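Enquirer: Below are the structure tokens for one structure; questions will follow.
The values are calculated or read from the model by the stated rules, or taken from the named source; none is laboratory data. Keep in mind that this is a model prediction, so the values were computed, not measured. Ideal geometry is used to build each Cβ from the backbone, glycine not excepted, and the neighbour counts take in all protein chains shown.
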Amino acid sequence: MATIVEALNLRKVYMLGKVPVEALRGVNLKVEEGEFLSVLGPSGSGKSTLLNLIGALDKPTEGKIFIEGVDVSTLNDGQLADLRRRIGFVFQFFNLIPRFTARQNVELPMAIAGLGKEERRRRAEELLKVVGLAERMNHKPAELSGGEQQRVAIARALANNPRFLLMDEPTGNIDSKNAMEIIQLVERLNQEKGITIIMVTHDQRLASEANRTVHMLDGLIVNETANKP
Amino acid sequence: MKLTDIFSYAFSAIKLRKLRAGLTTLGVVIGIAAIVALLSITQGLQVAIASQLQRGFATDTLIVTARSESGFKLLVNDTQIIEEVGSGNVTVSVAVILRTGYIKNLENQTSRVTIVGVDYAKYREIYSSTFAAEEGTIPQNPENSSVVVGKRVSDPWNNGTFFCRVSETVTIIWTSRPLKNETYTGTVVAVLQEVGGFSFGGPSDTSIYIPITQAQGFFGTDECEMIIVKLKNADEATIDSTAKAIREAFGGQVTVTSSTAILNVISSVFSTIELFLGGIAAISLLVAGIGIMNIMIVSMMERTREIGILKALGMKNRQVLLIFLSEAVIIGLLGAVIGVGAGWGIAQVTVRVFSTGGSFGGGIRQTNQATLANGITISPVLTPTVLFGAIAFGLIVSVLFGLYPAWRASKLKPVEALRYE
């Protein structure tokens, strides 16, 4: 199995006003293709920072991060944008564009990648079917429940056939029943479609749904556990 | 991302803030409309005046007048001197005596006119198209009592209520020094065709023409106000050399003016006016540009998170820049197109409001004397230069002022933008 993400002694220092804050203090991580990895830790442990670095949204202060063997820190803005097209993001607050319908939201990354209208539409409808929203695709986010919005976000994340999905507290804003459904959807995507998933959460129960869990505390990975196969 | 997708994305963002975008567009509309209205009216006026001048002026003529400050007077038979010095270049010259006086018709109504004493045949030779009879004939060897009248003298209100007509008897009145009314009775032999607005030396609608010898006797003078010289051709070298020869012959006591020079001066005056008015209007467009910049900065701040999302989805800086620039361009283009239409409308309305009965400057004078004012009709002119220039200017302003906000939007860091509340 190929290594899809590799972090080497990753450090990230933020300036909070004039005070430097060390969010990551030397993280080493390897993610294999087809894995479902959860990153568990309390808030402030640096797990979101790690996710941003893996997602090429940010650059490390020190250390290296390889995505499919490419050192992210050597890329310019344009190359980073290209890289992000091959990564699917799912955010805690969904981050859908409110003025667009569910279908238009799913089409957006494909439009950015330069796909034609027909193809975009066909694929968006297909993806919304996969996440179980075929009936709601012409609704705007405000007309959808939190769980439904997150499904749209997942469909959007899958739009450009990403190498892996990055999920930042994907159920953090959803009631527990819907959260369970989301997790089942994520598991299904991982098992049936073989999509690599990296999920950040502070929810122990949710984290244990993944194949493997890394535990973070104060900017370091402190423990690693293998869950059910 | 395809350009059409960029535009439709930008459009969806504009639609979201209709009122705000509408007001910003209105700013551009006002700026462009002001430019278009002012320029099309000015150009219309220029065209109208130039066409009037070209009818009233003959471009192959020189006008010789005495320099007023020297007290020097031109005499009627100075035409001989001019024809001598300008031999070869001068085909004919004619002395013109001008007085202001009155003409009285059969019903004892009087009308104020310019009395022009001139040699009919020579004058006709110079102004063949304008010193032409509409009614009657201009005699080659006129009787002393013959009178040629301008169109507005005969038909002052342009409605068929005639003041005087061909073969009617009229009395011409002139007040001499010491104040004494000189009169004589003449017969209208011809009514001129309508000439239009201005003339300088040439025939006018509000003048009456009497033979030069009659004028000399009537006004008791051999002095004339001007001598009009017709040249063989209108090229610059002929004009310059002849003018110089005439000036020298009179020891620099006369001014020689060429019609072409006057036309050039007028057209350069108009260019200056146009530039000035266009400049004022352009300022309002700059204000509109600042409006665009303002709305774009606000929009950029409001949509920081959206920009973060777009970047997380793989949008490049250049594409973010293009989206924001497109929004500015859509507003600018829309404003420019509406502005051109509105400006054109304003120009049309303005021209109608300021002119009475379709003529400019020809207001009605309420007296019992005939209204002899000439009207010139102006219609706004929208040249392709102004049309496309205004639209291009609107676009340039919107791009220029949209550039900074768009650039700032494109430079947002994705992580920070996503965290923005």
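Enquirer: Would you mind finding the one in B:T175, B:T213 that is out of contact with any Ser or Thr (no Cβ under 7 Å at 6 or more places or on another chain), in contact (Cβ under 8 Å) with a residue 12 or more places away in the chain, surrounded by fewer than 16 Cβ atoms within 10 Å (Cβ to Cβ) and under 22 Å from B:E107 (Cβ atoms)? Spell out how you get there, then give the answer.
Expert: Numbers: B:T213 fails: under 22 Å from B:E107 (Cβ atoms).
Result: B:T175 is the single residue among B:T175, B:T213 that is out of contact with any Ser or Thr (no Cβ under 7 Å at 6 or more places or on another chain), in contact (Cβ under 8 Å) with a residue 12 or more places away in the chain, surrounded by fewer than 16 Cβ atoms within 10 Å (Cβ to Cβ) and under 22 Å from B:E107 (Cβ atoms).
Let's see how each residue does on (1) closer than 28 Å to A:L37 by Cβ; (2) at the interface with chain B (Cβ under 10 Å from one of its Cβ atoms); (3) crowded, with 22+ Cβ neighbours inside 10 Å:
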residue: A:K47; (1), (2), (3): yes, no, yes
residue: A:L53; (1), (2), (3): yes, yes, yes
residue: A:L57; (1), (2), (3): yes, yes, yes
residue: A:K64; (1), (2), (3): yes, no, no
residue: A:A81; (1), (2), (3): yes, yes, yes
residue: A:T101; (1), (2), (3): no, no, no
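Enquirer: Picking from A:S38, A:S43, A:S73, which residue would you name as being away from chain B (no Cβ under 12 Å), out of contact with any Phe, Trp or Tyr (no Cβ under 9 Å at 6 or more places or on another chain) and part of a loop (DSSP other than H, G, I, E, B)? Give the derivation first.
Expert: On the way: A:S38 fails: part of a loop (DSSP other than H, G, I, E, B); A:S73 fails: part of a loop (DSSP other than H, G, I, E, B).
None of the other options fit; the residue is A:S43.
Enquirer: Then there's this: Do we have A:K59 as touching a helix residue (DSSP H, G or I) at 6+ places or on another chain (Cβ under 9 Å) and over 19 Å from A:V222 (Cα atoms) here?
Expert: Yes, satisfied.
Enquirer: Find the residue count for the stretch B:5-41, including only residues that are within 14 Å of chain A (Cβ to nearest Cβ) and more than 25 Å from B:I280 (Cα to Cα).
Expert: 14
Enquirer: Please specify each residue of the stretch A:88-113 satisfying the condition of being outside any helix (DSSP H, G or I) and in contact with a helix residue (DSSP H, G or I) (Cβ under 8 Å, 6 or more places away or on another chain). Please lay out each step first, then the result.
Expert: Taking the stretch A:88-113 as the starting set, the residues that turn out to be outside any helix (DSSP H, G or I) are A:88-101, A:113.
Answer for the stretch A:88-113, where residues must be outside any helix (DSSP H, G or I) and in contact with a helix residue (DSSP H, G or I) (Cβ under 8 Å, 6 or more places away or on another chain): A:G88, A:F89, A:V90, A:F91, A:F94, A:N95, A:L96, A:I97, A:P98, A:R99, A:F100.
Enquirer: Looking at the stretch A:209-228, which of its residues are in a loop (DSSP other than H, G, I, E, B), of a type outside the set (A, V, I, L, M, F, W, C) and modelled with pLDDT of 90 or more?
Expert: Of everything in the stretch A:209-228, those that are in a loop (DSSP other than H, G, I, E, B), of a type outside the set (A, V, I, L, M, F, W, C) and modelled with pLDDT of 90 or more turn out to be A:N211, A:D218, A:G219.
To keep it simple, each residue is scored yes or no on (1) in contact (Cβ under 8 Å) with a residue 12 or more places away in the chain; (2) closer than 27 Å to B:L16 by Cβ; (3) touching a strand residue (DSSP E or B) at 6+ places or on another chain (Cβ under 6 Å).
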{"position": "A:P42", "(1), (2), (3)": "yes, no, no"}
{"position": "A:T49", "(1), (2), (3)": "yes, no, yes"}
{"position": "A:I65", "(1), (2), (3)": "yes, no, yes"}
{"position": "A:P109", "(1), (2), (3)": "yes, yes, no"}
{"position": "A:G114", "(1), (2), (3)": "no, yes, no"}
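Enquirer: Could you list, in sequence order, the residues of the stretch B:234-251 that are hydrophobic (A, V, I, L, M, F, W, C) and part of a helix (DSSP H, G or I)?
Expert: B:A237, B:I239, B:A243, B:A245, B:I246, B:A249 - these are the residues of the stretch B:234-251 that are hydrophobic (A, V, I, L, M, F, W, C) and part of a helix (DSSP H, G or I).
Enquirer: Here's something else I'd like to know. Quick check on the stretch B:361-383. Is at least one of its residues modelled with pLDDT of 90 or more, away from chain A (no Cβ under 14 Å), surrounded by fewer than 19 Cβ atoms within 10 Å (Cβ to Cβ) and in contact with a Ser or Thr (Cβ under 9 Å, 6 or more places away or on another chain)? Steps first, please.
Expert: Within the stretch B:361-383, the first condition is being modelled with pLDDT of 90 or more, and the residues that meet it are none.
No, the stretch B:361-383 contains no residue that is modelled with pLDDT of 90 or more, away from chain A (no Cβ under 14 Å), surrounded by fewer than 19 Cβ atoms within 10 Å (Cβ to Cβ) and in contact with a Ser or Thr (Cβ under 9 Å, 6 or more places away or on another chain).
Enquirer: Yes or no: B:G150 closer than 29 Å to B:I49 by Cβ and without any contact (Cβ under 8 Å) to a residue 12 or more places away in the chain?
Expert: No.
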